[in-house]
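Structure, as structure tokens:
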Amino acid sequence: MIASEIDIDIRFSETDAMGVVWHGNYLKFFEDGREAFGKKFGLEYLDIHAKGFVTPIVKSEIDHKAPVYYGQVIRVITRYIPTKSAKIQFEYEVINVTTGQLCATGKTMQVFLDRESRELELISPDFYKEWKAQYDL
């Protein structure tokens, strides 16, 4: 399994009136994790777009475990989940670096759509097959 990590400083604008990170921001943290993964492993959104595809999220899950507060630092660990289907799956761990606590876990699933027609690709695009082969996935 291949993975990446990114540390994120929690900003005031990411918290609610109680100073706790608002639950909806975890999807943004997952996005930050996917971007870091793409940079590290050569699967960036702009590259996918240039190859004629877009990859919308079709499923997401988050399990909240512990709060995170303004001024703390989190680490988002993003792991690629291999699949034979024409989709990209990741799982996430959000760890509070300040306290050492596991704060959230989650998963996302993306599918390939033709960039122009927006039609669903039922077979993995060639570039994605080549990318998976490069990492023996």
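The values are calculated or read from the model by the stated rules, or taken from the named source; none is laboratory data. This structure is a prediction, so every number in the text was calculated from the model and none was measured. Don't worry about glycine lacking a Cβ; one is built from the backbone with ideal geometry, like all the others, and counts go over all protein chains shown.
Listed values, structure above:
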| item | result |
| --- | --- |
| Considering residues of region 100-129 that are among the basic types (Lys, Arg) and either in contact with a helix residue (DSSP H, G or I) (Cβ under 9 Å, 6 or more places away or on another chain) or part of a strand (DSSP E or B) (or both) only, the residue surrounded by the most Cβ atoms within 10 Å (Cβ to Cβ) | Lys107 |
| In region 57-99, the residues that are loosely packed, with under 14 Cβ neighbours inside 10 Å and either aromatic (Phe, Trp, Tyr) or in a strand (DSSP E or B) (or both) | Val58, Lys59, Glu61, Asp63 |
| Evaluation of Lys84 against (1) over 16 Å from the mean Cα position of the chain (by Cα); (2) at pLDDT 95 or above; (3) not aliphatic (A, V, I, L, M) (one fails), failing number | (2) |
| Selected residue [closer than 18 Å to Ala3 by Cα and in contact with a strand residue (DSSP E or B) (Cβ under 6 Å, 6 or more places away or on another chain)] from Tyr135, Tyr70, Tyr92 | Tyr92 |
| Residue that is farthest from His64 (Cα to Cα) [pool: residues in region 109-123 that are acidic (Asp, Glu) and in contact (Cβ under 8 Å) with a residue 60 or more places away in the chain] | Glu116 |
| Region 40-56, residues that are assigned to a helix (DSSP H, G or I) and over 12 Å from the mean Cα position of the chain (by Cα) | Lys40, Phe41, Leu46, Asp47, Ile48, His49, Ala50 |
| Region 1-35, subset aliphatic (A, V, I, L, M) and closer than 23 Å to Pro67 by Cβ, residue surrounded by the most Cβ atoms within 10 Å (Cβ to Cβ) | Val21 |
| Subset tally (residues that are hydrophobic (A, V, I, L, M, F, W, C) and farther than 24 Å from Leu102 by Cβ) for region 42-77 | 7 |
| Residue match in region 7-22 (condition: more than 12 Å from the chain's Cα centre (by Cα) and at positive phi) | yes |
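Conditions tested, residue by residue: (1) free of Cβ contacts under 8 Å to residues at least 60 places away in the same chain; (2) within 20 Å of Thr15 (Cα to Cα); (3) basic (Lys, Arg).
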{"position": "Gly71", "(1), (2), (3)": "no, yes, no"}
{"position": "Ile74", "(1), (2), (3)": "no, yes, no"}
{"position": "Ser85", "(1), (2), (3)": "yes, no, no"}
{"position": "Gln89", "(1), (2), (3)": "yes, no, no"}
{"position": "Lys107", "(1), (2), (3)": "yes, no, yes"}
{"position": "Pro125", "(1), (2), (3)": "no, no, no"}
